[in-house]
Protein chains: 2
Amino acid sequence: MRRIVLASASPRRKELLEQCGVRPEIIASDINEYINHKNTPEETAMSLSFQKAIDVASRAGDGIVIGADTVVVLEDEILGKPLDDREAFSMLLKLSGKKHRVITGFSVIDLAGPTKIVEYESTDVYFRELNENEILDYIYTGEFFDKAGSYAIQGKGALLVEKIEGCYFNVMGLPVSKLNSSLKKFFNLNLL
Amino acid sequence: MRRIVLASASPRRKELLEQCGVRPEIIASDINEYINHKNTPEETAMSLSFQKAIDVASRAGDGIVIGADTVVVLEDEILGKPLDDREAFSMLLKLSGKKHRVITGFSVIDLAGPTKIVEYESTDVYFRELNENEILDYIYTGEFFDKAGSYAIQGKGALLVEKIEGCYFNVMGLPVSKLNSSLKKFFNLNLL
């Protein structure tokens, strides 16, 4: 298989590629994650994923570079990473009992050719009704730190979620099934 | 926290409890997984989960015993574990392009009191359209072995799945969010 470079320091994205048999090389990008609020969340996630991929592509040498960016969207508001436990509390209170969307934009850049694709996947996540004590119990785990939307579905955050509609791996940070479809279609590469 | 005994040898179920902060003790049950085709799949999964839990409860001593059983259902047919690669091929061909259900029955038995509960969770899983080569590629990974429905969503089977509706952890073998709701409601135990 060709060399695959993952333009992300996220251990979850690396694990998801490993689950699919890829041993990616990690080169983290160093971009400013600036959000232009004139864009839709989908456009934002795709644009940031491309900025990450192209940033790494310029110094990766060869292979295929994959960039990704995940945003959490409630109604039309993007919920970023909380600055502290108070902000995490208020985000989780907003998410309680409601549906939100998790959108991962991803970009694939072939360093041996002209092909560059950008796509996204969106998953609906439904939180259970949480009371303030449950939210505090979750905050107390510390897991919210550095997580968009203040929760991690692959951790104790699983207990906050009633159900999802769509791709679970997308919520974790990389929609591997859709990514593989793109790799097959545009890069003649099949992870299976 | 009280002692929790998991009446299952499944490493996935153990990992899911660990994700929620529980360090279960494993005592595998030794029952005949007999399927009565007069029962619905939900009844079958719940009944088998209870047989496993009660079997282990008789020798667990104290604590809370959790049993679980997962079935894969296409239309009304339960797809079991494939006997060989040919049967796996035919199951995956049946699942291609279609929705099926993954149902996990679970039972919780409190050894210090009279409370015994039995519940289930159901998740809809939608497979992508797979051609025969893709199915053979998947068979070739060997992952189908010992898996109900001949795939593992937590492995390369992720690439076969277009989307799910419901609880992902239920597809992996234990619906932790619903289980926690039951533990809180009936056993005054909160994993958060």
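Considering the dipole of chain B built from charges on the beta carbon (Lys and Arg +1, Asp and Glu -1) around the Cα centre, which of B:LEU6, B:CYS167, B:MET91 is farthest to its positive end?
Highest projection toward the positive end goes to B:LEU6.
Answer rounded, prolate or oblate for segment B:1-50, using the Cα gyration tensor with square roots of eigenvalues a ≥ b ≥ c: rounded when a/c is under 1.5, else prolate when a/b is larger than b/c, else oblate.
prolate
Given 20 °C and 1.002 mPa s, compute D for segment B:119-192 with the Stokes-Einstein relation, Rh being the Kirkwood radius over Cα pairs; round to the nearest whole µm²/s.
153 µm²/s
Working only with C-alpha atoms, what are the Rg and Dmax values of segment B:74-173, expressed in angstrom?
Radius of gyration, then largest Cα-Cα span, for segment B:74-173: 15.3, 54 Å.
How far apart are the B:GLU75 label points across copies, placing each 7 Å from Cα toward Cβ, in nm, shortest first?
4.6
Given Cβ point charges of +1 (Lys, Arg) and -1 (Asp, Glu) and nothing else, what value in debye, to the nearest 20, does the dipole of segment A:4-187 about its Cα centre take?
500 debye
Counting only other chains, what is the mean number of Cβ atoms within 10 angstrom of the Cβ of each residue in peptide B:161-173?
5
List the distances, in nm and shortest first, from the label point of B:ALA112 to the matching label points in every other copy, placing each point 7 Å from Cα along the Cα-to-Cβ direction.
Reported distances to equivalent positions: 6.2 nm.
Place +1 on the Cβ of every Lys and Arg and -1 on the Cβ of every Asp and Glu in chain A, take the dipole about the Cα centre, and give the residue among A:VAL73, A:TYR138, A:ALA28 whose Cα lies farthest towards its positive end.
Going by the charge dipole, the pick is A:ALA28.
Over 20 Å apart: what share of the alpha carbon pairs of chain A falls there, rounded to a whole percent?
Value for chain A: 54 percent of Cα pairs lie more than 20 Å apart.
Could you state the orientation-averaged shadow area of the convex hull built on the Cα atoms of the protein assembly as shown, in nm² to one decimal?
That works out to 19.1 nm².
Could you give the distance between the Cα centres of segment B:117-192 and segment A:80-105, to the whole Å?
So the two Cα centres are separated by 25 Å.
FRET efficiency for A:ILE117 and B:LEU83, Cβ-Cβ distance as r, R0 = 41 Å, nearest 0.05?
0.50
Roughly how tilted is helix A:85-95, in degrees to the nearest 10 and between 0 and 90, from the longest Cα axis of chain A?
With both axes taken from Cα atoms, the answer is about 90 degrees.
One decimal, nm, shortest first: give the distances between the label point of B:ALA9 and those of the same position in the other copies, each label point 7 Å from Cα along Cα→Cβ.
Counterpart label points of B:ALA9 in the remaining copies fall at 4.3 nm.
Summing -39500 (n - 2.57) over the DSSP H runs of n ≥ 4 in the protein assembly as shown and dividing by its residue number, what mean residue ellipticity at 222 nm do you reach, to the nearest 500 deg cm²/dmol?
For the protein assembly as shown, the value works out to -10500 deg cm²/dmol.
Laboratory data are not the source of any read-out in this text; all were calculated from the coordinates shown. Just so it is clear, the structure is predicted and the values come from calculations on it, not from any experiment. Counting neighbours? That spans all protein chains shown, and the Cβs are built from the backbone with ideal geometry, glycine included.
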